[in-house]
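Just so you know, all these numbers are worked out from the coordinates, no wet-lab data involved. What you are looking at is a predicted structure, and each value in this text was computed from that prediction instead of being measured. All Cβ positions, even for glycine, are placed from backbone atoms using ideal geometry, and neighbour counts span all protein chains on display.
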Amino acid sequence: RLRAVGTTVIAGTCPDLATSPQPPQRLRPGAHTPSWALARRKRDAIAAAGGLPVSLAQLLARDFRTQPDILFGRDHFHPSTAGYEAACSVLLPTLCSALRDGCADDRVATRFGSRTAAEGSPGTTRPG
């Protein structure tokens, strides 16, 4: 419905739940495959509806796996403030790109790099 009225829609897909330190190591592979399958289905649905998907699993899994003490909150499942900032860091450039064909604030582009759906990050698409 948002796309039907001309609204730009940007949505992050499912993160890789296997990066969470919460489940025991032996159970993590069981979380990885369904997480990535759901992320692919969400990416395809978002793109089919005319939105801009951002693959959180592909863009952030390595960071969450290698920095769990920083990026996960106290419950070791939900993101910490830094984890949410990391998620925003891959959503914001895509939003800026969709609105202006580039980000108006160079500080954002410099800080967060070019890991955006609009620039063709792995596993993400830009419709149309």
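Got a sec to turn the phi values of region 7-14 into Karplus ³J(HN,Hα) couplings, 6.51 cos²θ - 1.76 cosθ + 1.60 with θ = phi - 60°, whole Hz, x for Gly and Pro?
7, 6, 10, 10, 9, x, 7, 4
For region 1-92, which chymotrypsin sites (Phe, Trp or Tyr not before Pro) pass both filters: DSSP loop (anything but H, G, I, E, B) and at most 15 other C-beta atoms within 10 Å?
Passing both the DSSP loop test and the Cβ count: Phe77.
Semi-axes of the equivalent ellipsoid of region 1-102: what are they in whole Å, largest first, if each equals the square root of 5 times a C-alpha gyration tensor eigenvalue?
27, 16, 9
Would you please give the residues with an amide H less than 5 Å from that of Ala11, counting only those at least 5 places away or on a separate chain, with H modeled from the backbone geometry?
Leu52, Val54
Measure off 7 Å from each Cα along the Cα-to-Cβ vector at Arg41 and Leu2, then give the distance between these two points in nanometres to one decimal.
So the label points at Arg41 and Leu2 sit 2.0 nm apart.
Among the trypsin sites (Lys or Arg not before Pro) in region 1-82, which ones are in a DSSP loop with at most 16 other Cβ atoms within 10 Å of the Cβ? Mind listing them?
Those that pass, being in a loop and sparsely packed, are Arg1, Arg74.
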